[in-house]
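Structure, as structure tokens:
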Number of protein chains: 2
Amino acid sequence: MSSEESTRLGGASVPETIPVPMGTRDVLPEEMAELREISGRALKVFTQAGYGEIATPALEYEETMRLAGTDFAENVYRVPDKDGQVLTLRFDSTVPIARLAATRYRAAEPPLRFCYMQHVYRAIEPKRAESRQFLQIGMELLGLPAQAGDAEAVELLVSVLRESGLTDFKIAVGDVNFFAERLATAGITGAEKERVVHEMHTRDLVGYRRELAATSVGKADLESLERLAIARGGRELLEAEGAEQLIKLDSLLAEAGVADNVIYDLGLVRPLSYYTGTVLEVFSPSSGFPLGGGGRYDNLVGRFGRELAAFGFSLNLERLHLAVLAEQEAGA
Amino acid sequence: MSSEESTRLGGASVPETIPVPMGTRDVLPEEMAELREISGRALKVFTQAGYGEIATPALEYEETMRLAGTDFAENVYRVPDKDGQVLTLRFDSTVPIARLAATRYRAAEPPLRFCYMQHVYRAIEPKRAESRQFLQIGMELLGLPAQAGDAEAVELLVSVLRESGLTDFKIAVGDVNFFAERLATAGITGAEKERVVHEMHTRDLVGYRRELAATSVGKADLESLERLAIARGGRELLEAEGAEQLIKLDSLLAEAGVADNVIYDLGLVRPLSYYTGTVLEVFSPSSGFPLGGGGRYDNLVGRFGRELAAFGFSLNLERLHLAVLAEQEAGA
């Protein structure tokens with residue numbers, strides 16, 4: 001290209017600024033070095049605890065991913081393939097790892113322990129400040145049922161967060177069964193239940209109360225369910241509400257010395273339908289967003305051909321990094 | 001899900017085997033640990049040489065990537081976005097890094113040195129044994145023209161290969177200008193030239209001779225061009241053919257003590273049109289495929305708004321890993 005041509009190209013064809021798609025970004029060297037440092041430490045914690053790192057394809061058959069349910073229908077990227085099949089961009093790592101475990105480890109003695117660090121992709125709504133692509137680091141523990149599996153996962157999560165350099169954090173722990181049973185006991189089912197659960201998902205307390213009030217539930221149940229939505233605390237809360245499964249978990253966490261890192265949140269409902277028991281989210285005063293989350297999904301792996309109880313969590317590595325930086329700056 | 005339901009699901013809905021798309025694969029723990037080891041060593045070589053690791057989005061606007069030319073038109077994955085724009089899955093890392101350098105480093109003092117490790121995606125033809133997704137590790141050196149830039153890149157490539165554990169390899173080095181000039185001197189232009197270059201790309205010597213014979217080129221030029229297609233050797237070859245630019249490069253490589261790792265290949269033509277000078281490919285007796293390649297692309301960064309001479313190479317990390325394993329097994 002002559003310099004005249006390139007000037008013409010520069011003037012006529014090159015936009016003043018060249019944007020990347022909203023919700024994606026370049027990672028520049030200083031940040032990248034810090035992300036490598038944090039992720040290296042985290043992966044070391046995982047592998048030293050016996051979790052083997054794996055990677056799954058970024059593109060999988062939509063048909064395969066649909067075996068997991070329809071949670072992803074709206075926000076998954078569909079990619080037409082040359083042979084007419086529809087591929088999807090990896091939406092999370094739990095579903096592909098469930099597929100991998102049920103097929104590649106069909107005959108392996110449980111428990112199976114895997115960790116990963118890979119990107120996931122979400123077809124975001126334009127104009128919302130969401131991420132289209134983000135880097136997750138996480139684990140899946142297959143074949144170890146509640147509460148032993150839940151406790152191992154929470155202990156590991158505490159180790160990973162500490163080793164990443166984060167000092168101030170809380171792991172909110174709930175139980176989707178407990179909440180569902182309380183709704184069932186109150187006689188809230190079907191479409192009513194879905195609406196109530198949705199408001200709980202989005203933590204819209206006003207909406208939650210509105211949807212509860214729209215049901216024919218009695219005064220005592222109404223008050224009890226309203227209390228549940230804001231009930232956070234330690235073992236005394238679990239005992240007051242009769243959350244038997246979480247009480248068993250709390251005993252294991254206390255034995256492991258990590259109970260102080262946990263706050264029970266009986267209104268915690270994760271947005272994916274495959275969860276079947278304990279669920280968790282990670283919070284830090286240094287971050288306006290949860291740093292990660294996870295839970296028990298005892299029916300998912302079976303949909304790919306092998307029945308295995310399972311628990312997994314993932315951390316958003318970029319949010320975790322920002323929280324660590326914010327702590328360091330506040331302390332400096 | 002009751003156990004009865006899950007049995008039904010297992011029997012009725014779950015295929016006997018659940019395939020991943022051809023050309024993609026799961027990476028299991030043993031291999032993953034070795035890939036981490038090799039890539040960790042390679043990234044360390046890069047960063048210690050002053051190359052800052054960066055990452056670019058997996059999804060970019062097709063319009064932006066098209067500024068680089070139309071090389072990618074056929075085999076790029078297009079992903080329709082919710083707002084009607086068309087996104088493309090990262091096809092290579094050189095073009096996004098050219099964009100990044102021209103925009104995020106618009107005013108930075110050259111040379112700029114970047115390295116990366118990220119996947120690229122290719123919409124392969126069904127039934128061909130090609131990869132749909134593969135992991136590349138590589139570098140881009142911007143703002144250092146030939147031959148100083150070429151020499152720095154080749155030296156670094158030798159260090160990365162050695163540090164990865166590979167002992168037996170050759171870097172084939174050619175010059176797309178030299179080949180193009182020889183065609184021009186022989187009067188081969190336009191569509192004839194394209195056909196000849198295509199056969200050279202694909203290393204189809206029969207087709208190459210056929211296309212040359214179909215031109216009106218004289219006997220002496222014909223013999224000279226046929227010789228060029230199979231001309232491989234050291235400095236004596238460059239001198240015999242009068243490859244001035246490569247002679248200058250060879251002197252720098254000899255000074256740096258890496259000339260023995262190089263074999264000049266005057267018929268080497270890389271498949272991407274953005275190359276403007278020295279090009280290279282990496283071969284090992286332990287691999288049936290090139291382990292990587294690269295070259296000089298002095299006009300590409302300018303298309304994104306900043307004129308910068310540039311050289312880059314990438315290695316296919318999985319092929320490199322397999323070659324290292326094969327060497328170890330042969331030696332064991």
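Can you spot a residue in region B:30-40 that is more than 9 Å from chain A (Cβ to nearest Cβ), farther than 15 Å from B:VAL160 by Cβ, surrounded by fewer than 17 Cβ atoms within 10 Å (Cβ to Cβ) and touching a residue at least 24 places away in the same chain (Cβ under 8 Å)?
yes
Select from region A:200-224 the residues that are of a type in the set (Ser, Thr, Tyr), in a helix (DSSP H, G or I) and free of Cβ contacts under 8 Å to residues at least 40 places away in the same chain and list them in ascending order. Walk me through it before giving the result.
Going residue by residue through region A:200-224, those that are of a type in the set (Ser, Thr, Tyr) are A:202, A:208, A:215-216, A:224.
Those left that are additionally in a helix (DSSP H, G or I): A:208, A:224.
Answer for region A:200-224, where residues must be of a type in the set (Ser, Thr, Tyr), in a helix (DSSP H, G or I) and free of Cβ contacts under 8 Å to residues at least 40 places away in the same chain: just A:TYR208.
Do we find a residue being of a type in the set (S, T, N, Q) and at pLDDT 95 or above anywhere in region B:215-237?
Here is the first cut: in region B:215-237, the residues of a type in the set (S, T, N, Q) are B:215-216, B:224.
So of that shortlist, the ones also at pLDDT 95 or above come out as none.
For region B:215-237, residues of a type in the set (S, T, N, Q) and at pLDDT 95 or above: absent.
Since A:GLU74 meets every condition but one in (1) surrounded by 19 or more Cβ atoms within 10 Å (Cβ to Cβ); (2) more than 20 Å from A:LEU317 (Cα to Cα); (3) at pLDDT below 95, which condition does it not meet?
So A:GLU74 meets the others, but not (1).
Please determine, by comparing only the residues of region B:43-57 that are among the aliphatic types (A, V, I, L, M) and more than 7 Å from chain A (Cβ to nearest Cβ), which one is farthest from the chain's Cα centre (by Cα).
Let us first name the residues in region B:43-57 that are among the aliphatic types (A, V, I, L, M), namely B:43, B:45, B:49, B:54-55.
With the extra rule that they be more than 7 Å from chain A (Cβ to nearest Cβ), the set shrinks to B:43, B:45, B:49.
Values: B:LEU43: 17, B:VAL45: 19, B:ALA49: 21 Å.
By that ranking, first place goes to B:ALA49.
Do you know which of the residues in region A:80-96 that are facing another protein chain (nearest Cβ under 8 Å) and aliphatic (A, V, I, L, M) is surrounded by the fewest Cβ atoms within 10 Å (Cβ to Cβ)?
Only one residue tops the list, namely A:LEU87.
Which one of these is touching a residue at least 12 places away in the same chain (Cβ under 8 Å), more than 7 Å from chain B (Cβ to nearest Cβ) and surrounded by fewer than 22 Cβ atoms within 10 Å (Cβ to Cβ): A:ARG122, A:ARG128, A:ARG66? It would help to see each step written out before you state the result.
Numbers: A:ARG128 fails: touching a residue at least 12 places away in the same chain (Cβ under 8 Å); A:ARG66 fails: touching a residue at least 12 places away in the same chain (Cβ under 8 Å).
Of the residues listed, the single one that is touching a residue at least 12 places away in the same chain (Cβ under 8 Å), more than 7 Å from chain B (Cβ to nearest Cβ) and surrounded by fewer than 22 Cβ atoms within 10 Å (Cβ to Cβ) is A:ARG122.
Of everything in region B:152-168, what is crowded, with 20+ Cβ neighbours inside 10 Å and touching an Asp or Glu at 6+ places or on another chain (Cβ under 8 Å)? Give them in sequence order.
Hit for region B:152-168 is B:LEU166, nothing else.
Quick one: count up the residues across region A:97-119 that are surrounded by 23 or more Cβ atoms within 10 Å (Cβ to Cβ) and over 17 Å from A:PHE46 (Cβ atoms).
Residues in region A:97-119 being surrounded by 23 or more Cβ atoms within 10 Å (Cβ to Cβ) and over 17 Å from A:PHE46 (Cβ atoms): 3 in total.
Tell me which residues, restricted to region B:249-279, are surrounded by fewer than 17 Cβ atoms within 10 Å (Cβ to Cβ) and either of a type outside the set (A, V, I, L, M) or farther than 13 Å from B:VAL154 by Cα (or both).
Listed by number, the residues that qualify are B:SER251, B:GLU255, B:GLY257, B:ASP260, B:PRO271, B:SER273.
Taking the condition in contact with a helix residue (DSSP H, G or I) (Cβ under 7 Å, 6 or more places away or on another chain), surrounded by 14 or more Cβ atoms within 10 Å (Cβ to Cβ) and either over 27 Å from A:ARG319 (Cβ atoms) or modelled with pLDDT under 90 (or both), does A:ILE188 pass? Spell out how you get there, then give the answer.
Working: in contact with a helix residue (DSSP H, G or I) (Cβ under 7 Å, 6 or more places away or on another chain): yes; surrounded by 14 or more Cβ atoms within 10 Å (Cβ to Cβ): yes; either over 27 Å from A:ARG319 (Cβ atoms) or modelled with pLDDT under 90 (or both): yes.
Criteria met by A:ILE188.
The values are calculated or read from the model by the stated rules, or taken from the named source; none is laboratory data. These figures come from a predicted structure and were not determined experimentally. Cβ atoms come from the backbone with ideal geometry, glycine included; neighbour counts cover every protein chain shown.
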